[in-house]
Amino acid sequence: MKKGVLVYLICLLVHVCTAQEVPPAAPVTIADSTDTSSFITDLTLNIRENSKVVLNWKQPEDTTYTFASIERSSGGREFEVVAVIKQSDIKPDNEWVDDSPARGRSLYRVRFSGKDGFQQAFSKSKEALVAGDISFRFYPNPVDNILIVRSEAVADIQIVDATGKQRMNINNLQGLQTLNVTMLEKGIYFLRINNHTTGLLTQEKLVKN
């Protein structure tokens, strides 16, 4: 009798187990890791008078932001905010000048933020060499008739007057070269050096006797 009851219970247990449905596996959700941040690709950076860093950029389209911050990094890892521009002061074409930049190489970027600091858009970092392009030298300064220039890297050189008018243009200069500047009138000029290797655009003051 006991044996029959035991067999019955075993059969009943097997029936219940086989009849129980296995719940379907939960669907796997893959998070969208697409970065929706937009870059301001037309940010440009220039060195003015070998002591000032000039940033130019256009405001991004289709963004809602309340301010823009200018950020600078000396080591390339941590950025510090050096200026904040309110939305009402931002124009389609913007320029900001760092009158007291850090010495040596620095990285700059522009970050746009919305309410509560929510990031909307930011620029790619641009490098500045505040001490000047050490691969380029020119002398004498002031100059009378012959200007000697030396460039370790391939560079384009422009000489412009105080009004910004181009007076001389030398492309793909490398090594030592002499420039006849006799035709330049007495006054103040600026050398604009575009280094092909680093991409840096520097400007140096030149005095013509």
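Evaluate the following for Glu78: is it acidic (Asp, Glu), within 17 Å of the chain's Cα centre (by Cα), modelled with pLDDT of 75 or more and exposed (fewer than 13 other Cβ atoms within 10 Å of the Cβ)? I'd like the intermediate steps shown before the answer.
Values: acidic (Asp, Glu): yes; within 17 Å of the chain's Cα centre (by Cα): yes; modelled with pLDDT of 75 or more: yes; exposed (fewer than 13 other Cβ atoms within 10 Å of the Cβ): yes.
Here the answer is yes, as Glu78 does meet what is asked.
Return the only residue of Ala153, Ala162 being loosely packed, with under 11 Cβ neighbours inside 10 Å and touching a strand residue (DSSP E or B) at 6+ places or on another chain (Cβ under 6 Å). Don't jump to the end; show me each part of the working.
Working: Ala153 fails: loosely packed, with under 11 Cβ neighbours inside 10 Å.
Within the list Ala153, Ala162, the selection yields Ala162.
Evaluate segment 92-105: report whether one residue or more is touching a Gly at 6+ places or on another chain (Cβ under 6 Å), surrounded by 12 or more Cβ atoms within 10 Å (Cβ to Cβ) and modelled with pLDDT under 90. Break it down into steps so the answer makes sense when it comes.
So the first thing to find is which residues in segment 92-105 are touching a Gly at 6+ places or on another chain (Cβ under 6 Å), and the list is none.
Among the residues of segment 92-105, not one is touching a Gly at 6+ places or on another chain (Cβ under 6 Å), surrounded by 12 or more Cβ atoms within 10 Å (Cβ to Cβ) and modelled with pLDDT under 90, which makes the answer no.
Looking at segment 151-173, can you tell me whether even one residue there is under 33 Å from the mean Cα position of the chain (by Cα), farther than 23 Å from Asn56 by Cβ and of a type in the set (D, E, K, R)?
Looking for residues that are under 33 Å from the mean Cα position of the chain (by Cα), farther than 23 Å from Asn56 by Cβ and of a type in the set (D, E, K, R), one finds at least one in segment 151-173, hence yes.
The values are calculated or read from the model by the stated rules, or taken from the named source; none is laboratory data. Quick caveat: nothing in here was measured; it's all calculated off a predicted structure. Heads up, the Cβs are rebuilt from the backbone with ideal geometry, glycines too, and the neighbour counts pull from every protein chain shown.
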